[in-house]
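Only one structure is covered here, and it is reproduced in the block below.
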Amino acid sequence: MGVPVISFLDDRFVARMSSSLLHSVGLQAFSADSEDAYIVRASELAGNTNFLNRIREAFRPMLQASRFHDSRRFARNLERIYQASWRIRQTKMAQPSQ
C-alpha cells in the first residue's frame, strides 16, 4: 500500500467522497479546499519524505482500525435498511388502492 493522493475538495461528488474518506481515517493532511491549498499541500508533502514514509508504514493499520474495516457493523446497518424497506413496502401493500 502506498500513500493516499491529495484530494481537492470542490462541488463534485467524487471530490467530496475522497475528502470524506481521508478524514475518516485521520488523513486530513491529504485534503485541500482550494487550488492554492492543493499546491501548497502537494509541495509540503513532496518535501517531507519522513512523514510520507511514516504514513506508508501506518496506512494499513489505520485503515484496519477505521470504520471501513468493520464488516459486522456494515452488515448490521445493511440488514436494518433491508428491514425498514420491507416494512415500508408492506405498509404500502396493505393500503387500499385508490
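Structure above, values below:
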| quantity | calculated |
| --- | --- |
| Qualifying residue in the range 58-79 (condition: surrounded by fewer than 13 Cβ atoms within 10 Å (Cβ to Cβ), of a type in the set (Lys, Arg), free of Cβ contacts under 8 Å to residues at least 40 places away in the same chain and not in a helix (DSSP H, G or I)) | no |
| Residues located in the range 40-78, provided they are over 17 Å from residue 21 (Cα atoms) and among the β-branched types (Val, Ile, Thr) | 40, 49 |
| Qualifying residues in the range 19-38 (those that are among the hydrophobic types (A, V, I, L, M, F, W, C) and closer than 13 Å to residue 5 by Cα) - the one modelled with the highest pLDDT | 32 |
| Qualifying positions in the range 20-34 - touching a residue at least 12 places away in the same chain (Cβ under 8 Å), assigned to a helix (DSSP H, G or I) and surrounded by fewer than 15 Cβ atoms within 10 Å (Cβ to Cβ) | 24 |
| Filtered residues of the range 46-57 (kept if free of Cβ contacts under 8 Å to residues at least 40 places away in the same chain and under 26 Å from residue 69 (Cβ atoms)) | 51, 53, 54, 57 |
| Candidates 12, 41, 16, filtered to the one that is at pLDDT 85 or above, of a type in the set (D, E, K, R) and crowded, with 17+ Cβ neighbours inside 10 Å | 41 |
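The values are calculated or read from the model by the stated rules, or taken from the named source; none is laboratory data. Predicted model only: the values in this text are computed from it and were never measured. When we count neighbours, we look across all protein chains shown, and the Cβ atoms used for this are built from the backbone with ideal geometry, even at glycine.
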